[in-house]
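The values are calculated or read from the model by the stated rules, or taken from the named source; none is laboratory data. Quantities reported herein were computed from a predicted structural model and do not represent experimental measurements. Ideal geometry is used to build each Cβ from the backbone, glycine not excepted, and the neighbour counts take in all protein chains shown. Only protein heavy atoms, including side chains, enter the accessible area calculation; ligands, DNA and RNA are left aside. Shrake-Rupley method; radii C 1.70, N 1.55, O 1.52, S 1.80 Å.
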Amino acid sequence: MPATIGKPECRLCEEDDFLDQNLAKDLLYSIFNPYYRERGRINPAEFIKKHLSNEELKQSFEMFASLFNEILKNFGYVNTFWMDKIEDYRRARQKAWEEIKEMLRKGDLSRDDISASELVNYFYEEIVNDLMKEGYIEGMIERIHRRVLLFSHQAEKLLGEKILQLSLQDLEKEDYGEHETEKEGMSIFLGYEIVEFDPFVHTFDMIDIQETLVRSALRDPEIKLEEKDLVARKPKHAEKCVYVMLIDVSDSMRGKKIIGAIEAALALKNAIKKNSFDELHVVAFNHNVRTIKENEILNLDARGRTDIGLALRKAREILKGRRGSRIVFLITDGEPTSSYNPYLTPWKCAIKEAENLRSVNAHLTIIMLGKDRKFLELCNRMAKANGRSHILFFSDPLNLKRYFVRSYIKRFR
């Protein structure tokens, strides 16, 4: 008997309620980073207003909308005094969200017309539910006075692309990273020194045409090019980089700081994908420490005390025995409040472990997200103990992602 051929699924029978991937990406980013603001030409509040039946709500819409959005987003319960109004608001909001999606699908509303951050502000519940249906959000954890979303691998992939895109904005055409050294060797990065062309060492791309023609002209005015005239630019040495990014996830890192650190990790991770020989190890630390797996960066949450010494020890353990340039990024906002070593104070433990990084020849970059005088003093002492270190201060943690991409990418066209 002939094999049975399954009937293809009818596309008309599929749910057509799904979000466009680009819109989903922008909505995810606006949920993850509430400090990011887009501007749109159309105010989504107008869609909600026309579906309201309560006149008091219509008259004082901005006041009630701000209150109800916050209640629905974070707490999930309502005082009975507001019950009727909030149910009317919720129904109007659901109708408005379905109307906006339909208009976007049909092309009656352009993506440029409406702001993703404003959509999240007014339709948080509806958007989260849609993103859950499509697998971008896996669940929700209840904390005191807040809800924490759990993002999926699919969401991390999309947000990584979005964050790298934002990081690349306004970069100059040439930016230099840690790969380049003064050593001689093989790489695609050309230096300034002219040498004899060696077909066993150089590629044809390394031949300096202008200098070769000048050399040929000096030998023969008719410029009869011969192989002995060829000269090349000596390549600079480039070697594998092994990065360890230590992210402070203690209580004080909540808000912009933890968002900025996560963005930095995702930006560097996606930039490194273009050069598969490099490695990035992301480590989250408070009074404990753990290496973050591929799909866990987006779900870091700030809680607990701070043990910088423990984090630096973990970096040393990761780098031990690995070949290439070893670079440790320490992202933190204040002094350590905990020490894994019962015989050392938090300060002394941090300084000692910064010094111990010498044993693996690691360069330490300390990224300060706080500017307390005592904190700066500690950072200076850690840098001195390490011997190969420098300190950076960021007043706005959301600029971290651009620093990491700018310091990594050799050439951006």
Inset, instruction - Name every residue in segment 307-326 that is touching a strand residue (DSSP E or B) at 6+ places or on another chain (Cβ under 6 Å) and at pLDDT 95 or above, in order of residue number. - result: Leu310, Ala311, Lys314, Ala315, Ile318, Leu319
Inset, instruction - Go through the residues of segment 323-340 one by one and say whether even a single one is within 30 Å of Glu161 (Cβ to Cβ), open to solvent by less than 40 Å² (accessible area, probe 1.4 Å) and of a type in the set (Asp, Glu). - result: yes
Inset, instruction - State whether the residues of segment 49-68 include one that is open to solvent by less than 60 Å² (accessible area, probe 1.4 Å) and closer than 18 Å to Asp26 by Cα. - result: no
Legend entry - Matching residues, segment 27-78, being in contact (Cβ under 8 Å) with a residue 40 or more places away in the chain and over 22 Å from Ile114 (Cβ atoms): Asn74, Phe75, Gly76
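Matching residues to (1) in contact with a Phe, Trp or Tyr (Cβ under 9 Å, 6 or more places away or on another chain); (2) farther than 25 Å from Phe32 by Cα:
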| position | (1), (2) |
| --- | --- |
| Glu87 | no, yes |
| Glu98 | no, no |
| Leu119 | yes, no |
| Glu134 | yes, no |
| Val148 | no, no |
Inset, instruction - Might you let me know whether segment 248-270 holds any residue that is among the charged types (D, E, K, R), under 24 Å from Ile409 (Cα atoms) and buried (at least 22 other Cβ atoms within 10 Å of the Cβ)? - result: yes
Inset, instruction - Tell me which of these Asn22 doesn't satisfy, since it passes every other one: (1) of a type outside the set (Asp, Glu); (2) open to solvent by 80 Å² or more (accessible area, probe 1.4 Å); (3) assigned to a loop (DSSP other than H, G, I, E, B). - result: (3)
Legend entry - Residues of segment 358-398 satisfying the condition of being within 30 Å of Ile163 (Cα to Cα) and β-branched (Val, Ile, Thr): Thr365, Ile366, Ile367, Ile391
Legend entry - Tally, over segment 299-309, of residues that are under 29 Å from Ser152 (Cα atoms), in contact with a Phe, Trp or Tyr (Cβ under 7 Å, 6 or more places away or on another chain) and crowded, with 22+ Cβ neighbours inside 10 Å: 1
